[in-house]
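*Asks:* Sharing a structure, written as structure tokens. Questions coming.
The values are calculated or read from the model by the stated rules, or taken from the named source; none is laboratory data. Owing to the predicted nature of the structure, the values given are computational and were not obtained by experimental measurement. Positions of Cβ are backbone-derived with ideal geometry, glycine not excepted, and every protein chain shown enters the neighbour counts.
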Amino acid sequence: MAAPSLITIRMPGLNLPEPGTERAAYTRSERVSVATLALVAALALKLISGDRSRHKLVVLDEAWALFASSQGRALLNRLVRLGRAFNATILLVSQRVEDLGELSQLVGVTLLFGQDSIRAAAAGIEEIGLDPEEGGLAQRVTEYRRGRCLMRDLDGRVGEVQVDALPELLAALDTTPGDGR
């Protein structure tokens, strides 16, 4: 039996703790949610380790929840390090680029979309290797909307790009809370 072309796992009932919350302060619901997210990441690792002739794409939204624990960071580290060997692209989605921490050195391409504050924009700009003060760049990033972003490529080059996705793809990847799913 052939492997499915697309496996989507949605977990709308997760109650993830706020970033920076000490593990000891997690509620029962938050502990279960973080553990569930870790299990999904482990499943992704199992799925990508299959047929190396077939390219795989793993998208981990709310990746900060995995960065928040030592087990999650270890799993992400392994997933990111093994991704290329298993012919897989790993997309880590987080609201804050600084969530990457030490994994930022393993990330090949970074997309920095619009930020809601100069501080957040400056942190992201510094992470991709530019000076946020130069040419009002941090202010400009706070004004990005609808797919506009800074992109650092595999060779370390940075430029402004526009990302336009098909409406069907946007709908499939939408994680906006409260949309009835």
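*Asks:* Return the pairs, sorted by first residue and then second, in which the second residue is assigned to a helix (DSSP H, G or I) and among the polar types (S, T, N, Q), the first residue lies in region 112-127 and is farther than 18 Å from Val163 by Cβ and touching a residue at least 12 places away in the same chain (Cβ under 8 Å), the beta carbons are less than 9 Å apart, and the residues are 6+ apart or on different chains.
*Replies:* Asp116/Thr142; Ser117/Thr142; Ile118/Gln139; Ile118/Thr142; Ala120/Thr142; Glu127/Ser104
*Asks:* Mind checking which pairs have a first residue in region 161-176 that is over 21 Å from Leu60 (Cβ atoms) and a second that is modelled with pLDDT of 80 or more and in a loop (DSSP other than H, G, I, E, B), Cβ under 9 Å, 6 or more apart or different chains?
*Replies:* Within 9 Å, the pairs are Val161/Gly147; Gln162/Arg146; Gln162/Gly147; Asp164/Arg146; Asp164/Gly147.
*Asks:* Where residues in region 140-160 are over 19 Å from the mean Cα position of the chain (by Cα) and without any contact (Cβ under 8 Å) to a residue 24 or more places away in the chain, which of them is surrounded by the most Cβ atoms within 10 Å (Cβ to Cβ)?
*Replies:* Out of the qualifying residues, it is Arg140.
*Asks:* Can you find, within region 45-66, the residue that is surrounded by the fewest Cβ atoms within 10 Å (Cβ to Cβ) among those that are part of a helix (DSSP H, G or I) and free of Cβ contacts under 8 Å to residues at least 40 places away in the same chain?
*Replies:* The extreme case among them is Lys46.
*Asks:* Next up: Within the set of pairs 6+ apart or on separate chains, which have a first residue in region 73-93 that is within 13 Å of His55 (Cα to Cα) and in the same structural domain as Ala38 (by TED's automatic domain parsing), a second that is part of a strand (DSSP E or B) and hydroxyl-bearing (Ser, Thr, Tyr), and C-beta atoms under 7 Å apart?
*Replies:* Filtered contacts from region 73-93: Gly83/Thr89.
*Asks:* What's the number of the condition Asp99 fails, among (1) surrounded by 17 or more Cβ atoms within 10 Å (Cβ to Cβ); (2) free of Cβ contacts under 8 Å to residues at least 60 places away in the same chain?
*Replies:* (2)
*Asks:* Oh, and also: Looking only at residues that are of a type in the set (D, E, K, R) and out of contact with any Gly (no Cβ under 9 Å at 6 or more places or on another chain) in region 147-171, which one is modelled with the lowest pLDDT? Walk me through it before giving the result.
*Replies:* Kept after step one, since they are of a type in the set (D, E, K, R), are these residues of region 147-171: 148, 152-153, 155, 157, 160, 164, 168.
After this cut, where a residue has to be out of contact with any Gly (no Cβ under 9 Å at 6 or more places or on another chain) as well, the list is 155, 157, 160, 168.
Details: Asp155: 89, Arg157: 91, Glu160: 91, Glu168: 82.
Residue satisfying both the conditions and the ranking: Glu168.
*Asks:* Hey, does region 18-41 have a residue that's at pLDDT below 80 and surrounded by fewer than 12 Cβ atoms within 10 Å (Cβ to Cβ)?
*Replies:* Yes, there is a match, as at least one residue in region 18-41 is at pLDDT below 80 and surrounded by fewer than 12 Cβ atoms within 10 Å (Cβ to Cβ).
*Asks:* Moving on to the next point. Out of the residues in region 20-44 that are part of a helix (DSSP H, G or I) and polar (S, T, N, Q), state the one that is nearest to Ile90 (Cα to Cα). Steps first, please.
*Replies:* Step one: list which residues in region 20-44 are part of a helix (DSSP H, G or I), which gives 23-25, 28-44.
Filter once more, so that each one left must be polar (S, T, N, Q): 29, 33, 36.
Working: Ser29: 27, Ser33: 21, Thr36: 19 Å.
The qualifying residue nearest to Ile90 (Cα to Cα) is Thr36.
*Asks:* Okay, next question. Out of curiosity, is Leu137 of a type outside the set (Ser, Thr, Tyr), assigned to a helix (DSSP H, G or I) and under 19 Å from the mean Cα position of the chain (by Cα)?
*Replies:* Working: of a type outside the set (Ser, Thr, Tyr): yes; assigned to a helix (DSSP H, G or I): yes; under 19 Å from the mean Cα position of the chain (by Cα): no.
In short, no.
*Asks:* Check whether at least one residue in region 126-133 is in contact with a Cys (Cβ under 9 Å, 6 or more places away or on another chain) and under 18 Å from Gln115 (Cα atoms), and report yes or no.
*Replies:* Here is the first cut: in region 126-133, the residues in contact with a Cys (Cβ under 9 Å, 6 or more places away or on another chain) are none.
Checking region 126-133: not a single residue is in contact with a Cys (Cβ under 9 Å, 6 or more places away or on another chain) and under 18 Å from Gln115 (Cα atoms).
*Asks:* Follow-up. Given the structure, is Asp99 among the acidic types (Asp, Glu), in contact with a strand residue (DSSP E or B) (Cβ under 9 Å, 6 or more places away or on another chain) and in the same structural domain as Leu16 (by TED's automatic domain parsing)? Full working, then the answer.
*Replies:* Working: among the acidic types (Asp, Glu): yes; in contact with a strand residue (DSSP E or B) (Cβ under 9 Å, 6 or more places away or on another chain): yes; in the same structural domain as Leu16 (by TED's automatic domain parsing): no.
Here the answer is no, as Asp99 does not meet what is asked.
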